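The values are calculated or read from the model by the stated rules, or taken from the named source; none is laboratory data. Predicted model, so just to flag it, every value in this text is computed and none were measured. Don't worry about glycine lacking a Cβ; one is built from the backbone with ideal geometry, like all the others, and counts go over all protein chains shown.
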Amino acid sequence: MVGDQRSCPSRAGVERSRRSNREARVTSVAAIDNLPVTLLTGFLGSGKTTLLRRALAAPSFSDTAVIVNEVGAIPIDHFLVDFVEGGVLELPGGCLCCMVREDLAQSLRNLIERRDAGELRPFRRIAIETSGLADPAPILFTLGADPMLDQRLRLGRVVTLVDAVEGASTLDRFAEAARQVAVADALVVSKTDLAPFG
């Protein structure tokens, strides 16, 4: 029967469906608002990558998106990569690893937009590993200066690694190392097993 009203959805039903779809989109976006960002920094050879690899092996970090600033920073060979697409690697534990090839703000926006669009697995936190020579201040500025990032992200903490063997001399010789320590919320002393007593 052509004009059978029972087969057509009611206007109220269509509106409920639209409202439900809108609410679902808003909920999914709200679910990632205010994502905590951990900045992992430390001078060259301080052990950032080792610490990050150990953290990513824990199940509690499976919903973490990781941004590193150079392709060789995490030895991906040691992981079985589930997929590689658009610079984002999904590691076995489920965390996402994004190699920064463009500026950090754009990488973060792209990561969030792809997550919102359902192209990436959901994540509840972001970890950024800086290069050993990076000054963390501009990175921290980026998080607050970009309107979209300021709304969607919050700084969780800055973790700075200091090498127990070379740390003191590195801090004396390199301003970058001193700046990394100056902005730290937490200092991790690495390579204590190699440090001489005394």
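Just a few scattered comments:
- Any hit, the range 163-174, residues being farther than 15 Å from Ala65 by Cβ and under 19 Å from the mean Cα position of the chain (by Cα): no
The rows are residues; the columns are (1) under 19 Å from Arg154 (Cβ atoms); (2) at pLDDT 85 or above; (3) touching a Leu at 6+ places or on another chain (Cβ under 8 Å).
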site: Leu35; (1), (2), (3): yes, yes, yes
site: Thr41; (1), (2), (3): yes, yes, yes
site: Ser46; (1), (2), (3): no, yes, yes
site: Asp77; (1), (2), (3): no, no, no
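- The one condition in (1) modelled with pLDDT under 80; (2) within 30 Å of Ala195 (Cα to Cα); (3) in contact with a Gly (Cβ under 9 Å, 6 or more places away or on another chain) that Val68 fails to fulfil: (3)
- Of all residues in the range 140-168, those that are exposed (fewer than 14 other Cβ atoms within 10 Å of the Cβ) and within 21 Å of Thr49 (Cβ to Cβ) total 1.
- Residue count, the range 150-173 (criterion: of a type outside the set (S, T, N, Q) and more than 26 Å from Ser107 (Cβ to Cβ)): 10
- Looking only at the range 145-198, residues that are of a type in the set (D, E, K, R) and touching a helix residue (DSSP H, G or I) at 6+ places or on another chain (Cβ under 7 Å) come to 5 in all.
- Ala184 vs. criteria surrounded by fewer than 17 Cβ atoms within 10 Å (Cβ to Cβ), of a type in the set (A, V, I, L, M), more than 17 Å from Ile112 (Cα to Cα) and out of contact with any Leu (no Cβ under 8 Å at 6 or more places or on another chain): no
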